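Read-outs: derived from the displayed coordinates by stated rules, not from any lab. What you see is a predicted model, and the numbers here were worked out from it, not measured in a lab. Cβ atoms come from the backbone with ideal geometry, glycine included; neighbour counts cover every protein chain shown.
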Amino acid sequence: MSKFSLYPVTLDGSDIQTKREEIREYFHNTYELFESVFDVLKSDDVFYKQSEITRHPMIFYFGHTATFFINKLINMKIIKDRINPEYESIFAVGVDEMAWDDLNDTHYKWPKVQDVREYRKKVQDLVDDLITTLPMTLPITDDSDMWIILMGIEHERIHIETSLVLHRQMPLEYVKEVDLFCPCQHWGDAPKNEMLSIEAEHIELGKTKEHNLYGWDNEYGKYEESVNEFKVSKFLVSNGEFMEFVKDGGYEKQEYWDEEGLKFLEISGAKHPSFWVLQDGIYKYRTLSKLIEMPQDWPVDVNALEAEAFCRFKGQKDGKTYMLPSEAEYRAIYNYSGLEDVPAFHESRANLNFYHFASSCPVNEFSFNGIYDVVGNVWQWSRTPIFGFKGFEVHPAYDDFSTPTFDDKHALILGSSWASSGNLIMKHSRYAFRKHFFQNAGFRYVISDSHVEKNLDIYESDELVSQYCEFQYGDENFGVENFAIACAKIAAKFTQNTKKALDLGCATGRATFELAKTFDEVEGIDFSVRFVQVGSKLKNEGYVAFHTYEEGELFTNKKVTIEKLGYENQKDKVSFWQGDACNLKPNFNSYDLVIATNLIDRLYNPRLFLDTVDERLNEDGVLILTSPYTWQESSTKKELWLGGYIDENGKEVKTLDTLKNILSNKFELLHVQDLEFVIKETKRKYQHTISEVSVWKKK
């Protein structure tokens, strides 16, 4: 295992060349370990199988981490050219059971495994060259080009672990034993658990941008909480301790399960933990690639719903109230244990980073001041839904890493597992999953007088998204008509056929719903899930809630409902997807209308979109473009601007003239007009902008 046991690279240092070599070694180590994970699959045919119906086939994940590098490097304008646009589209977006996830297999034409291997090698060579040549200063900061390389590496470290979980869920006939991933070979009877006291403590969570280790956006900012004294279990819950719940019929007794838990039982039919196998009345245990005798003293692998049900069972039996620890309580446990953060903490002290095993091990093997497995062995479910700390800001390169999970449905997992490495084993790391998901995760329990209040309405706290919610769903200002409604009216006027429309750059989705008054089907696509989730929430949950800012940090909460907007009859006609307008998947086609509102001057390469948009339109299809033509290099490199500059001949180049040159062979220009809009920033500050609308009919 030591071949792959590398800690994350620190962001500081004194020698740039040394730091490049550290990053380069970390990158290749990660890349090769990820590929080794797929050696567990018995043949290339298995790459096209799903280990779980809510996930893509494994070929997706094999290609995904490589395309992540390219898509982020393109997005941040570090490179200009794609390696394989098709791969960088179909492998781009994973699934988390969000409304915009696309699991329709007919939308994907999966390539050959060997072709993906060759693609991965090309990406590896490109990234290796960038590590060697990119401009670099120390310390590396989150606005550095090298930060994007580190982001790609840490993203792949995440998928090393999640791919192992998916492989472990594969039927045994599809996987094989690999020498590199050897499970623990010893086990015994489960130790008797007991409760230890943790003193009251004022907890501060979050880190600053000056921290010397890479971090995801949700780690930054500040949160404070005074934690009262509480009791915590000495050990993680073992298979042996959980066995009592199973044998007592815990999966059949509804009183132990909440509404979400009962739904999980109904859908899954679970009678015991997922990685237990009942054979001839005896429970066996599924490791990565084989069945073994039940290791009673290893931690049980369960989802959060099963963990919560066990706590209710144990509470009823003992006459006490057990629960999962909160994020703040876990930090108090961490502080009590005397743990140091990496790299000061050595991996040999816990079952993590593949240092000891490629599996769990006994829960009484690694002690931290008397509490076992504070880190390592398996992740520990918490009762805290993930949220953004005060001062949270999305990173522009990966703006959908965290915000889609701030929905009160994703519970934090704490502490790391045997397969965790890189950012996953850092003190400040924060990862969250839906409660019914399986990871290398188990739990410990606490007795605490603190409770997590469940929010009835989740208000959008992202300032930019809130501003767009106000723009699209808020009040009209200064007598200017709502822009989304006005655009939909223009579309209705000029479109002959009304079967299917595409709202490209849909933002928070108002125009998508408005277009559904005219069209039978409307798809809304935006590059950012931060925006897509708003329209999706209106469709599926019936409301949008957001902050409208008044002055400084003061804001007013607003909530609009689908009934108030009058869209009850439209919601089944709309769908929302994440996508790149410059590299859309091929299944987005056959439209009678494509409307791109205030989009082309925000694309990294607008011609890529314009040169092929006709292929997505039906005969007599209409293309509508709106834009204020505010070209800026932060969005589009200057050499790719369509207007707003003086050419080499000293001639002014206007965007509409360039649009005519690009589109005239395939489209007839029907109409041009100005259309104004107003965006509220605060109570006393508004943007008043005039967009030019051009309407084009496919020849």
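Judged by the mean number of other Cβ atoms found within 10 Å, the most tightly packed of the peptides 559-568, 413-422 leads the ranking 413-422, 559-568. Please list, by residue number, everything in the range 351-387 whose backbone N is under 15 Å from a paramagnetic label point 7 Å out along Cα→Cβ of MET294. Within reach of a label on MET294: no residues.
Fewest Cβ neighbours within 10 Å first, please rank LYS573, LYS637, LYS654 accordingly.
Details: LYS573 19, LYS637 12, LYS654 15.
Arranged by neighbour count, lowest to highest, LYS573, LYS637, LYS654 become LYS637, LYS654, LYS573.
Spin-label pair LYS209-THR137: with each label point 7 Å from Cα along the Cα-Cβ axis, the two points sit 1.3 nm from one another. Over all distinct Cα pairs, what is the inverse of the mean 1/r for the range 15-86, reported as the Kirkwood hydrodynamic radius in Å? About 14.6 Å for the range 15-86. Put simply, the range 463-698 fits an ellipsoid with semi-axes of 28, 23, 15 Å; these come from the alpha carbon gyration tensor as the roots of five times its eigenvalues, largest first.
Order 18-27, 476-485, 295-304 from most to least packed using the mean count of other Cβ atoms within 10 Å. Before the final figure, lay out the partial values.
Working: 18-27: 17.3, 476-485: 15.2, 295-304: 26.2.
Taking the mean over residues of other Cβ atoms within 10 Å, the ranking is 295-304, 18-27, 476-485.
Sorted from fewest to most neighbouring beta carbons within 10 Å, what does the list MET294, MET170 look like?
Details: MET294 16, MET170 20.
Result, fewest neighbours first: MET294, MET170.
For the range 649-699, what does the equivalent ellipsoid look like in terms of its semi-axes, each the square root of 5 times an eigenvalue of the Cα gyration tensor, given largest first in whole Å? If you can, show how the numbers build up before the last one.
Values: eigenvalues 182, 54, 10 Å².
They are 30, 16, 7 Å, listed largest first.
In plain terms, the residue of ARG616, ARG444 with the fewest other Cβ atoms within 10 Å comes first and the most crowded comes last, giving ARG616, ARG444.
What are the semi-axes of the equivalent ellipsoid of the range 244-387, taken as the square roots of 5 times the eigenvalues of the Cα gyration tensor, listed largest first and rounded to whole Å? If you can, show how the numbers build up before the last one.
Working: eigenvalues 154, 90, 36 Å².
Sorted largest first and rounded, they come to 28, 21, 13 Å.
Write out the trypsin sites (Lys or Arg not before Pro) in the range 110-173 meeting two conditions: DSSP loop, and at most 15 other Cβ atoms within 10 Å of their Cβ. Loop-located and lightly packed - LYS112.
If you bin all the Cα-Cα distances of the range 519-616 at 10 Å, starting from zero, the percentages per bin are 13, 37, 31, 17, 3.
Lys and Arg at +1, Asp and Glu at -1: add these up for the other residues within a Cβ distance under 14 Å of GLN185 and post the number. Display every interim value, and only then the final one.
Working: positive: LYS290; negative: GLU177, ASP179, GLU293, ASP297, GLU365.
Computed value for this residue: -4.
Projected label points at THR54 and LYS176, each 7 Å from Cα along the beta carbon direction, are separated by 3.2 nanometres. Structural descriptor for the range 159-317: relative contact order 29 percent, calculated from alpha carbon pairs under 8 angstrom and at least 6 residues apart.
The residues neighbouring GLU86, those whose beta-carbon lies less than 13 Å from its own, together hold a net charge of +1 under the Lys/Arg +1, Asp/Glu -1 convention. Taking a sphere under 13 Å around the Cβ of ASP341 and counting the other residues whose Cβ falls inside, with K and R at +1 and D and E at -1, yields a net charge of +1. When restricted to Cα atoms, the range 463-506 yields an Rg and a Dmax of 12.9, 39 Å, respectively. Of all DSSP beta bridges confined to the chain, the antiparallel ones make up roughly 70%.
May I ask which of LYS537/LYS680; LYS558/LYS585; LYS19/LYS121; LYS77/LYS209; LYS499/LYS699 have a Cα-Cα span longer than 25 Å here?
Numbers: LYS537/LYS680 22 Å; LYS558/LYS585 35 Å; LYS19/LYS121 23 Å; LYS77/LYS209 23 Å; LYS499/LYS699 19 Å.
In this structure, LYS558/LYS585 lie more than 25 Å apart at Cα.
Per the Debye calculation on the range 2-174 with a single equal scatterer at every Cα and no solvent contribution, log₁₀ I(q)/I(0) for q = 0.18 Å⁻¹ amounts to -1.19. Listed by chain and number, the lysines whose alpha-carbon sits under 18 Å from that of LYS192, ignoring those within fewer than 8 places in the same chain, are LYS231, LYS234, LYS247, LYS314, LYS317, LYS320. At a Cβ-Cβ separation cutoff of 4.7 angstrom, cysteine residues of the chain with no neighbouring cysteine are CYS182, CYS311, CYS469, CYS487, CYS506, CYS582.
What per residue convex hull volume, in Å³, comes out for the range 317-373 when only alpha-carbon positions are used? All intermediate terms of the calculation are to be shown ahead of the outcome.
Values: hull volume 7.3 nm³, N = 57.
That works out to 128 Å³ per residue.
Debye sum, Cα scatterers, the range 599-699, no solvent: what log₁₀ I/I(0) at q = 0.14, 0.17, 0.20 1/Å? Here log10 of I(q) over I(0) equals -0.61, -0.85, -1.09. When the Cα positions of ILE646, GLN533, THR54 are compared along the charge dipole of the chain, THR54 comes out farthest toward the positive end, with charges on each C-beta of Lys, Arg, Asp and Glu.
Distance distribution note for the range 184-283: the fraction of Cα pairs above 18 angstrom is 70%. FRET efficiency for the LYS683 to ASN569 pair, using the beta carbon distance and R₀ = 51 Å, is estimated at 0.90. A convex hull fitted around the alpha carbon atoms of the chain yields 171 Å³ per residue. Simple rule: put +1 on each Lys or Arg Cβ and -1 on each Asp or Glu Cβ in the chain, find the dipole, and look at THR321, VAL594, HIS395; the Cα lying farthest toward the positive end is VAL594.
At a Förster distance of 51 Å, what's the computed FRET efficiency of LYS263 paired with GLU652, Cβ-Cβ distance as r, to 0.05?
Approximately 0.25, to the nearest 0.05.
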